[in-house]
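Peer 1: Provided herewith is a single structure, encoded as structure tokens, for subsequent inquiry.
The values are calculated or read from the model by the stated rules, or taken from the named source; none is laboratory data. Owing to the predicted nature of the structure, the values given are computational and were not obtained by experimental measurement. All Cβ positions, even for glycine, are placed from backbone atoms using ideal geometry, and neighbour counts span all protein chains on display. Calculation scope for accessible area: heavy atoms of the full protein, side chains included, ligands and nucleic acids excluded. Shrake-Rupley method; radii C 1.70, N 1.55, O 1.52, S 1.80 Å.
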Amino acid sequence: QVQLVESGGGLVQAGGSLRLSCAASGSTFSRNAVGWYRQAPGKQRELVAGINSRGSTNYLDSVKGRFTISRDTAKNTVYLQMNSLKPEDTAVYYCKLTISWTDYWGHGTQVTVSS
């Protein structure tokens, strides 16, 4: 059974940094696509950053140059490094692993950026 656990969220001032982690059990990130999503109150969940099995990455326009997605296959963990955080980055952040068209989600980690 695939399980994803996010960590690293918290409260940070605008301009600060956080690094989110998503650890997987029951499967591996190395051959599957992984995405970081976020959902703010009253808004739809949106894709923030993704990395595919070949290592290609993509980002939401508003986070380009500030966020970086990466993975450590030895630790079976995917990271989201978030720099220059803004209050509008405040949301619950989720990671999603896609295996053969099946999506697996973590429970999320709260990121709050104060102005």
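Peer 1: List every residue pair whose Cβ atoms lie under 8 Å apart, where the two residues are 6 or more positions apart in sequence or sit on different chains, the first residue falls within region 81-109 and is exposed (fewer than 14 other Cβ atoms within 10 Å of the Cβ), and the second residue, located anywhere, is in a helix (DSSP H, G or I) and not aromatic (Phe, Trp, Tyr).
Peer 2: 88/62
Peer 1: Something else now. In region 43-56, which residue that is open to solvent by 70 Å² or more (accessible area, probe 1.4 Å) and at pLDDT 95 or above is nearest to residue 102 (Cα to Cα)?
Peer 2: That would be 45.
Peer 1: Confirm whether residue 71 is crowded, with 16+ Cβ neighbours inside 10 Å, closer than 17 Å to residue 110 by Cβ and touching a residue at least 12 places away in the same chain (Cβ under 8 Å).
Peer 2: no
Peer 1: Got a number for residues in region 84-98 being more than 14 Å from residue 41 (Cβ to Cβ) and either polar (S, T, N, Q) or in a strand (DSSP E or B) (or both)?
Peer 2: Going through region 84-98 one residue at a time, the tally reaches 6.
Peer 1: Considering only region 1-13, state which residues are more than 15 Å from the chain's Cα centre (by Cα) and surrounded by 14 or more Cβ atoms within 10 Å (Cβ to Cβ).
Peer 2: Across region 1-13, the qualifying residues are 2, 12.
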